[in-house]
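Remarks on the structure that follows.
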């Protein structure tokens, strides 16, 4: 019996010793940080939104005070609550949408005998879904070291800053109708904002005369060089009429004061026309049909199936 107790105690001691050997040596508080120069907290880069690619970002952790005596595991994470700190220090920015990034490899190893970890990997994707001329920010922190959220990791934040440029097209996300002169039945003004430029459309009231207009609020500042408008295929252009022959384009920053960007003769090709306004920055645009061809040779109305902007 005594012999069995001795053997059992010896096994317990052996297992305890093994656990101690496998446990990484404790690191001093605040000794693990990002491998970037002290005081540097932003990494800025332009991002093209003309096509979707996978932009690979790598991160490494660094140990201060020399090489590690054992392996350690460092976990990186996005902390969107830190965006307020960025804005307070650097100005306006929006958090990069979660659909546009993912950590392919958030955890990395700091090997024994090294002072710098293997690289972690953060992928940036779906760039075409981002808004033009916008500053996006992704705040990254060291979430834990060896599973511990407190202790070795510093509270340092590194901000990945992505600045978008000229788009292939200006997306309509957030656009709303700011007003219109009239509408006929169910052919509502919001139809000019959908992605269907062939079968849905806004129609001005058939009992009213020209001019007829529609105004759009972008709900952000937009820079563009031209405006496209479309007429529905149901008009069988130019057979049935119902299309403008003279158009005025106006822009505004507040929806109250309007600036004319030109009066254009109607010249529809393949059910659409591009109106070259020159480079414009605005928050609102107003499209006015000054004159038109009567629909079915009877009604003074226009049918507009879509309005979009060219960068």
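Please go through region 187-209 and give me each residue that is in a loop (DSSP other than H, G, I, E, B) and under 13 Å from residue 303 (Cβ atoms), ordered by number. If you could, list the steps in order and put the result at the bottom.
Here is the first cut: in region 187-209, the ones in a loop (DSSP other than H, G, I, E, B) are 188, 194-201, 204-209.
Answer for region 187-209, where residues must be in a loop (DSSP other than H, G, I, E, B) and under 13 Å from residue 303 (Cβ atoms): 188, 197, 198, 199, 200, 201, 204, 205, 206.
From 89, 105, grab the single residue that is within 27 Å of residue 30 (Cβ to Cβ) and touching a strand residue (DSSP E or B) at 6+ places or on another chain (Cβ under 7 Å).
Numbers: 89 fails: touching a strand residue (DSSP E or B) at 6+ places or on another chain (Cβ under 7 Å).
Matching residue, one of 89, 105: 105.
Inspection of region 89-97 identifies at least one residue that is free of Cβ contacts under 8 Å to residues at least 40 places away in the same chain, exposed (fewer than 14 other Cβ atoms within 10 Å of the Cβ) and not in a loop (DSSP other than H, G, I, E, B).
Suppose the filter is modelled with pLDDT of 95 or more, crowded, with 16+ Cβ neighbours inside 10 Å, touching a helix residue (DSSP H, G or I) at 6+ places or on another chain (Cβ under 7 Å) and not assigned by TED's automatic domain parsing to the domain that holds residue 88; does residue 201 pass it? Working first, answer last.
Values: modelled with pLDDT of 95 or more: yes; crowded, with 16+ Cβ neighbours inside 10 Å: yes; touching a helix residue (DSSP H, G or I) at 6+ places or on another chain (Cβ under 7 Å): yes; not assigned by TED's automatic domain parsing to the domain that holds residue 88: yes.
Yes.
Being in a strand (DSSP E or B), at negative phi and either in contact with a helix residue (DSSP H, G or I) (Cβ under 6 Å, 6 or more places away or on another chain) or touching a residue at least 60 places away in the same chain (Cβ under 8 Å) (or both) holds for only one residue in 76, 86, and it is 76. Selection of region 110-136 for residues being part of a loop (DSSP other than H, G, I, E, B) and within 22 Å of residue 66 (Cα to Cα) yields 111, 112, 113, 114, 115, 117, 118, 119.
Within region 172-197, track down each residue that is touching a helix residue (DSSP H, G or I) at 6+ places or on another chain (Cβ under 8 Å) and at pLDDT below 95. Steps first, answer last, please.
Going residue by residue through region 172-197, those that are touching a helix residue (DSSP H, G or I) at 6+ places or on another chain (Cβ under 8 Å) are 172, 175-177, 180, 183.
172, the sole residue that qualifies.
Looking across region 289-302, the residues that are outside any loop (DSSP other than H, G, I, E, B) and surrounded by 21 or more Cβ atoms within 10 Å (Cβ to Cβ) come down to 289, 292. You will find that of 167, 139, the residue that is surrounded by 15 or more Cβ atoms within 10 Å (Cβ to Cβ) and in a loop (DSSP other than H, G, I, E, B) is 167 and no other.
The values are calculated or read from the model by the stated rules, or taken from the named source; none is laboratory data. Please read all numbers here as calculations on a predicted model, not as lab measurements. Please note: Cβ atoms are built from the backbone with ideal geometry, for glycine as well, and neighbour counts cover all protein chains shown.
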